[in-house]
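S.K.: Before I ask anything, let me first share the structure, which is written out below as structure tokens.
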Amino acid sequence: MTATRDAQILSPAEALSKLVTGNKRFVYGTPRYGHDVTQAAATAGGQQPHSLVLGCIDSRVPLEAIFDQSFGSICVARSGAHVLDRSLVGSAGFAVAKLRVSLILVVGHKRCGAVHATVDALRAGTASEGEVGYLVDQLAPAVHEVGLQDAEAAEKAVPVHVLRTVDRLRKVDSLAGPIAAGTLKVEGAVYDLDSGWVEFLS
């Protein structure tokens, strides 16, 4: 899992540019990379990923595909609605400290089932049990911020939750130093299931 010593380390802007241009190739139907075993073998000896992409578990959002990235290019971490826990925060710290990624991109997506379920639970006044309840609790602030009774609360809450996740990551002790030094950026984005486009949030 260590980084290769001779691979080029990209700046945060260069890493983001790779994801932006990769998403364009994906949308325009001209992907450069596929799931080719020869590419897997070529990177088996080491890795130098430029980004960590944190996304949802939704099966319709394959992060390597929507950014048209090959083996060894990006680290991927996923949870329901990209809700953070200690494991994901620790993984982010590892990716920055050991693999020297220069970008962490948090990717939400439209029609997120976890966000819609949270809106339904909050409107019904029902508490989800156990681990699912943890997801609802973590998503609830974004829903309340846009207004629980808003007819489009679930869709409006997605970018809000993305930016809340970005803000939380920027405050993580192990990430704050690299961010201040300019060697790491944490950004957010929302994926459109229908068009394939990724909207990068400022």
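S.K.: Does segment 129-140 contain at least one residue that is open to solvent by less than 50 Å² (accessible area, probe 1.4 Å), over 18 Å from ALA77 (Cα atoms) and β-branched (Val, Ile, Thr)?
M.R.: Yes, some residue in segment 129-140 is open to solvent by less than 50 Å² (accessible area, probe 1.4 Å), over 18 Å from ALA77 (Cα atoms) and β-branched (Val, Ile, Thr).
S.K.: In this structure, does GLY90 turn out to be modelled with pLDDT under 95 and more than 30 Å from GLY29 (Cβ to Cβ)?
M.R.: When the stated conditions are applied, GLY90 does not pass them.
S.K.: So, in segment 141-158, exactly how many residues are open to solvent by less than 40 Å² (accessible area, probe 1.4 Å) and under 22 Å from PHE200 (Cα atoms)?
M.R.: Number of matching residues: 7.
S.K.: Filtering segment 17-55 down to residues that are of a type in the set (A, V, I, L, M, F, W, C) and in a strand (DSSP E or B), which residue is farthest from the chain's Cα centre (by Cα)?
M.R.: Ranking the qualifying residues of segment 17-55, first place goes to LEU52.
S.K.: Pick out the one residue from ARG86, ARG78, ARG100 that is within 14 Å of the chain's Cα centre (by Cα) and open to solvent by 10 Å² or more (accessible area, probe 1.4 Å).
M.R.: ARG78
S.K.: Please work out which residue is surrounded by the fewest Cβ atoms within 10 Å (Cβ to Cβ), limiting yourself to segment 105-122 and to residues that are in contact with a Ser or Thr (Cβ under 7 Å, 6 or more places away or on another chain) and under 18 Å from GLU187 (Cβ atoms).
M.R.: Result: LEU105.
S.K.: Limited to segment 20-63, what total is found for residues that are touching a strand residue (DSSP E or B) at 6+ places or on another chain (Cβ under 7 Å) and either among the basic types (Lys, Arg) or open to solvent by 70 Å² or more (accessible area, probe 1.4 Å) (or both)?
M.R.: Total meeting the criteria: 1.
S.K.: Where the second residue is modelled with pLDDT of 95 or more and part of a loop (DSSP other than H, G, I, E, B) and the first is at positive phi and lies in segment 65-87, which pairs have Cβ atoms under 7 Å and are six or more apart or on separate chains?
M.R.: ALA81/CYS112
S.K.: Okay, moving on. If we keep just the residues of segment 64-73 that are of a type in the set (A, V, I, L, M, F, W, C) and open to solvent by 20 Å² or more (accessible area, probe 1.4 Å), which is modelled with the lowest pLDDT?
M.R.: So, considering only residues that are of a type in the set (A, V, I, L, M, F, W, C) and open to solvent by 20 Å² or more (accessible area, probe 1.4 Å), the one modelled with the lowest pLDDT is PHE71.
S.K.: Condition first: of a type in the set (Val, Ile, Thr) and touching a helix residue (DSSP H, G or I) at 6+ places or on another chain (Cβ under 7 Å). Now tell me which residues in segment 43-60 satisfy that.
M.R.: Scanning segment 43-60 gives VAL53, ILE57.
S.K.: Give the residue that is nearest to the chain's Cα centre (by Cα), with candidates limited to residues of segment 143-196 that are assigned to a helix (DSSP H, G or I) and of a type in the set (Gly, Ala, Ser).
M.R.: Among them, the one singled out is ALA157.
S.K.: Write out, first by first residue and then by second, each pair whose Cβ atoms fall under 6 Å of each other, whose residues are 6+ apart or on separate chains, and whose first residue, in segment 15-26, is of a type in the set (S, T, N, Q) while the second is outside any helix (DSSP H, G or I).
M.R.: Partner pairs satisfying both residue conditions: ASN23/PHE67; ASN23/VAL198.
S.K.: A further question on this structure: Among the residues in segment 177-186, are any small (Gly, Ala, Ser) and at pLDDT below 95?
M.R.: There is no residue in segment 177-186 that is small (Gly, Ala, Ser) and at pLDDT below 95.
S.K.: Let me ask something additional. Restricting the search to segment 97-134, which residues are assigned to a helix (DSSP H, G or I) and within 21 Å of PRO62 (Cβ to Cβ)?
M.R.: Within segment 97-134, GLY113, ALA114, VAL115, HIS116 meet the criteria.
S.K.: Would you confirm, using the coordinates I've provided, whether ALA189 is at negative phi and crowded, with 18+ Cβ neighbours inside 10 Å?
M.R.: Yes; evaluated as a whole, the condition is true for this residue.
S.K.: Ok, one more. Are any of the residues in segment 127-134 under 25 Å from VAL198 (Cα atoms) and not acidic (Asp, Glu)?
M.R.: no
S.K.: Evaluate segment 94-113: report whether one residue or more is closer than 30 Å to GLY72 by Cα, polar (S, T, N, Q) and at pLDDT 95 or above.
M.R.: Yes - at least one qualifying residue is present in segment 94-113.
The values are calculated or read from the model by the stated rules, or taken from the named source; none is laboratory data. Bear in mind the structure is a predicted one, so any value in this text is a computation, not a measurement. Glycine also receives a Cβ, built like all others from the backbone with ideal geometry; neighbour counts cover every protein chain displayed. Accessible surface areas use protein heavy atoms only, side chains included; no ligands, DNA or RNA. Shrake-Rupley method; radii C 1.70, N 1.55, O 1.52, S 1.80 Å.
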